[in-house]
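Notes follow the structure.
The values are calculated or read from the model by the stated rules, or taken from the named source; none is laboratory data. As the structure is a prediction and not an experimental result, all values here were calculated from the model. A quick note on method: Cβ atoms are made from the backbone with ideal geometry, for glycine too, and the neighbour counts reach across all protein chains shown. Accessible surface is based on the protein model in full, side chains and every heavy atom, while ligands, DNA and RNA are left aside. Shrake-Rupley method; radii C 1.70, N 1.55, O 1.52, S 1.80 Å.
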Amino acid sequence: MKYEEELKAIDLINLINETKKELLYDELLKEDVITHFSKRLKKIFKTPLEVTTSILEFIRKLEDRDIFLDKDLLISEYKDNEIRLVIANYLNSLNKVTFSFPVVLKRIKENYKLYNYLSLADRNNIDNIRKLMKRNPKVLLLVDARILPIEFILENMRESSYLSYIFAGFYGLDNSLYILSDRFLGNKEIDLILYRDLKDSLEQDISTYLTYSSLAKNNLSLAKILLKKDPSYINYVGSKVLENKSILEKYLNIEIETNLEDTLEYTDLFREMGNV
């Protein structure tokens, strides 16, 4: 391991040892102990990318690696801790059948699910994902959205509409990119491309909006198309859209004279009355 990785490894050993002792003597406070462990774990590894292959190999050799897998400990925020998930996925994959990247690349066109038979390191390699996608774009349905940088998302959205269709829910609602689409909120170029790619289908059939991801439902331009056709769809737009005063004024005829909190409460009341 590199110097920086060794320092993180030592921090992790110390953290696990401390937590194990606390769990032994404070069983009644298990949730508090695990929550504290979860927060400190994210301080050691600030992003999933910091959990390198060397770190994972180190964790594999630890006697106390069960702390990442024990179902009794998967409580509070720790269950969905993205650092824990990277480690757990790696540990769980050790007993899986794996194929080398060149073999999977050669055959991926036949079956995109062959991606799942790669080692964790190969699955999380962005260059590998690019190469696989060129032969079978459906690979994106299996990729963990947490490892994808915003530049990768933009790069692919510029090249084709495929990612926009994933965010629209056209390829199912159970893939990581759809579920974790909030990770890409607030990027103006993504918003522009989403609008470009989805406006025609939304114009033709506004019911497609019902399966939009959170990212797509918070797209202001798409929401304007939707509400112009049917204001009652205000029930389905994202929270970022509801924060836009012009939307409420123009499409719901609500005059904004109060603060935003009061306005949103009024919108909720408006819904209950059946006006939207």
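In table form, for the structure just shown:
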read-out: Top-ranked residue in region 102-130 [being closer than 17 Å to residue 144 by Cβ and open to solvent by 80 Å² or more (accessible area, probe 1.4 Å); ranked as modelled with the lowest pLDDT]; value: 117
read-out: Helices (runs of 4 or more DSSP H) contained in region 80-128 and holding at least 1 residues of a type in the set (S, T, N, Q); value: 82-93
read-out: Qualifying residue in region 21-44 (condition: in contact with a helix residue (DSSP H, G or I) (Cβ under 9 Å, 6 or more places away or on another chain), small (Gly, Ala, Ser) and at pLDDT below 90); value: no
read-out: Qualifying helices (runs of 4 or more DSSP H) (wholly inside region 139-202; at least 1 residues being in contact (Cβ under 8 Å) with a residue 12 or more places away in the chain and over 15 Å from the mean Cα position of the chain (by Cα)); value: 150-159, 162-167
read-out: Among residues of region 47-61, those that are open to solvent by 30 Å² or more (accessible area, probe 1.4 Å) and either among the aliphatic types (A, V, I, L, M) or within 20 Å of residue 76 (Cβ to Cβ) (or both), counted; value: 1
read-out: Counted residues, region 40-65 - those being touching a residue at least 12 places away in the same chain (Cβ under 8 Å) and in a helix (DSSP H, G or I); value: 15
read-out: Flag for residue 209 being under 28 Å from residue 80 (Cα atoms), assigned to a helix (DSSP H, G or I), of a type outside the set (A, V, I, L, M) and open to solvent by less than 30 Å² (accessible area, probe 1.4 Å); value: yes
